[in-house]
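**Student:** Pasting a structure here, questions to come.
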Amino acid sequence: MALRDTDLLGTLRVAVVGQSTARRLWPEESPLGKRFRRPAPIGSGQWITVVGVAADVHYAGLDRTPPLTAYVSYNQVAAGAFYFVVRARGESATLADTVQRAVWDVDPQVAVYSVRTMESVVAGSYWKHRLWGGVLAVFATLALALAAVGIYGVIAQVVGERRREIGVRIALGARPRNVLTWVQRQVVLLAATGALIGILVSLGLARSLRAMLFDVAPTDLATIIAVPVIVVLTAAVAALPSALRAAKLDPSVTIQEDG
C-alpha cells in the first residue's frame with residue numbers, strides 16, 4: 001500500500017513510515033494499520049494510520065541514524081514549504097533554471113530556492129569523513145613508502161652480512177636465479193607474516209572503524225585480500241635490488257674477502 005491521490009482533507013489520515021521508524025515504534029510487529037499522532041505544534045494531534053513502509057533516507061547525514069520519519073500526502077497537510085526531488089538527464093548546471101521555469105509555469109508566485117544536485121547534498125553530509133579519509137590515506141602511503149625503504153635497508157644489510165654464504169652457494173653450483181629466488185622468498189615470508197599479524201589486529205579493531213564506513217563492512221573481503229597483496233608486492237620490489245646484487249656476486253672474490 002502507499003499514498004494515493006484520494007487521500008484528501010476529511011478522509012482517513014494516512015502515512016508511509018521509514019524502516020527504522022517502524023522498527024523503533026513497533027518492534028517485531030507489522031506496522032501496517034498501526035496508528036500514531038504528531039503532537040502540536042508539529043502536527044494537529046490527529047491520529048494517522050500507517051499504510052506503507054519506505055526505505056530509510058539518511059537526509060540528516062550518512063553517519064547518523066535516521067530520525068522518526070513519516071511521509072504524508074500533501075493534500076492532507078497544510079504546509080507553506082515543500083522539498084521535492086527531480087530525476088533528470090543532462091547537465092546538472094542547467095537543472096535549476098529548468099525546475100524554476102516548470103514551477104513558474106504552474107504558479108509564478110511560488111518561490112523556488114535552495115536548488116542543489118544530489119551529489120552536492122551527499123558530499124556535504126560526509127565531507128568530514130572524506131577529509132579524514134584523505135589524511136589517513138596520505139599517512140598510509142607514507143607508511144608504506146617508509147616500510148619499503150626500511151625493507152630495502154634491512155635486506156641490503158642481510159645480503160652484506162651473508163656474502164660469504166651466498167658466495168659458497170654459487171661456488172657449489174647455485175644459479176643466480178636460485179639466489180634471487182632465495183632472497184625474495186625470505187622477504188616474502190617476512191612480509192606475509194607481518195601482513196597476517198596486521199589483519200588479525202585490524203579484525204580486532206573492526207568495531208571502532210564501523211562508524212567511519214558507509215556501504216563497506218570493516219571485514220570487507222576485497223580489502224582484506226588487497227592490502228596484504230600490496231604489502232607483499234611492495235616488500236618484494238623493495239628487496240629486488242639487493243637480491244639482484246646477491247645473484248651477481250663473484251664467489252671467488254666473496255670468499256677471499258671474508259676468508
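The values are calculated or read from the model by the stated rules, or taken from the named source; none is laboratory data. Here the structure is a predicted model, which is why all the values come from computation and not from measurement. Neighbour counts run over all protein chains shown; Cβ positions are idealised from the backbone, glycine included. Note: accessible area is taken over every heavy atom of the protein model, side chains too, but ligands, DNA and RNA are not part of it. Shrake-Rupley method; radii C 1.70, N 1.55, O 1.52, S 1.80 Å.
**Student:** Out of all DSSP beta bridges in the chain, what portion is antiparallel? Express it as a percent rounded to 5.
**Tutor:** Here the antiparallel bridges make up roughly 55 percent for the chain.
**Student:** Normalised by the residues of the chain, what does the relative contact order come to in percent, with Cα pairs under 8 Å and at least six apart?
**Tutor:** Reported as a whole number, the value is 18 percent.
**Student:** Which whole-number value in Å² is the accessible area per residue of the chain, probe 1.4 Å?
**Tutor:** 72 Å²
**Student:** Top to bottom by accessible area (1.4 Å), largest first, where do L62, L136, L249, L146 land?
**Tutor:** Largest accessible area first, the list is L146, L136, L62, L249.
**Student:** Same structure, new question: Among 29-38, 15-24, 177-186, what's the highest-first ranking by average C-beta atoms within 10 angstrom per residue?
**Tutor:** Order by mean packing, descending: 15-24, 177-186, 29-38.
**Student:** Now for a separate question. With every protein chain kept in the model, how would you rank V106, V57 by accessible area, 1.4 Å probe, largest at the top? Kindly include the intermediate steps, with their values, before the conclusion.
**Tutor:** Working: V106 125, V57 70 Å².
Largest accessible area first, the list is V106, V57.
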